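Below is one structure, written out as structure tokens, with a few remarks after it.
The values are calculated or read from the model by the stated rules, or taken from the named source; none is laboratory data. Given the structure is predicted, the values throughout are model-derived calculations rather than measurements. Ideal geometry is used to build each Cβ from the backbone, glycine not excepted, and the neighbour counts take in all protein chains shown.
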Amino acid sequence: MSVADLSFAPPRPLGLAVRRGLKERCPACGQGKLYRAYLKVVPNCAACGEDLSPQRADDAPAYLTILIVGHFVVAGILGFEEYWTDAPIALVIGLWCALALGASLALLPRVKGAMVGYQWAMRMHGFGGV
């Protein structure tokens, strides 16, 4: 598909596609599941047949997840230390490591879904089909 063909392509709603990706759903229809495993994107949507194989999220979801979780964990640790100064260090380390791990594992598929939705809406990496 050439650049001239893209000018006649119907627009894809960016916000809606990203929200659908956050819900781990197909960015095109919002019905089909986005993953077949934890982070394995399905090649085609089971509901609408949209080809999702061109997605190239690579490392961006991991970086964004670390950025988001890091802000909350660092703020939480600082606040925790401010109000509970005599907490055992083993408790503090164990608590915040578990929270950071759990938040990262929960957030990573959603961030990747949002990234796939963004790529689909912007017609990046082969998502340019009409």
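May I ask you to list the residues in region 57-85 that are among the hydroxyl-bearing types (Ser, Thr, Tyr) and within 30 Å of PRO43 (Cβ to Cβ)?
Our first condition is that a residue be among the hydroxyl-bearing types (Ser, Thr, Tyr); within region 57-85, this holds for 63, 65, 83, 85.
TYR63, THR65, listed by residue number.
For CYS97, all conditions in the list (1) of a type outside the set (D, E, K, R); (2) without any contact (Cβ under 8 Å) to a residue 12 or more places away in the chain; (3) under 20 Å from ARG19 (Cα atoms) hold save one; what is the number of the exception?
Evaluating CYS97 over (1) of a type outside the set (D, E, K, R); (2) without any contact (Cβ under 8 Å) to a residue 12 or more places away in the chain; (3) under 20 Å from ARG19 (Cα atoms) leaves (3) as the failure.
Can you tell which of ALA57, ALA62, ALA4, ALA17 is at pLDDT below 95 and either within 15 Å of ALA114 (Cα to Cα) or in contact with a helix residue (DSSP H, G or I) (Cβ under 9 Å, 6 or more places away or on another chain) (or both)? Can you show your working first?
On the way: ALA62 fails: at pLDDT below 95; ALA4 fails: either within 15 Å of ALA114 (Cα to Cα) or in contact with a helix residue (DSSP H, G or I) (Cβ under 9 Å, 6 or more places away or on another chain) (or both); ALA17 fails: at pLDDT below 95.
Just a single option satisfies the conditions, and that option is ALA57.
Restricted to region 40-83, and to residues that are polar (S, T, N, Q) and not in a helix (DSSP H, G or I), which residue is farthest from the chain's Cα centre (by Cα)? Break it down stepwise before answering.
Quick first cut of region 40-83, residues polar (S, T, N, Q) only: 44, 53, 55, 65.
This time we only want the ones that are not in a helix (DSSP H, G or I), so: 44, 53, 55.
Details: ASN44: 18, SER53: 16, GLN55: 12 Å.
Taking the candidates together, the pick is ASN44.
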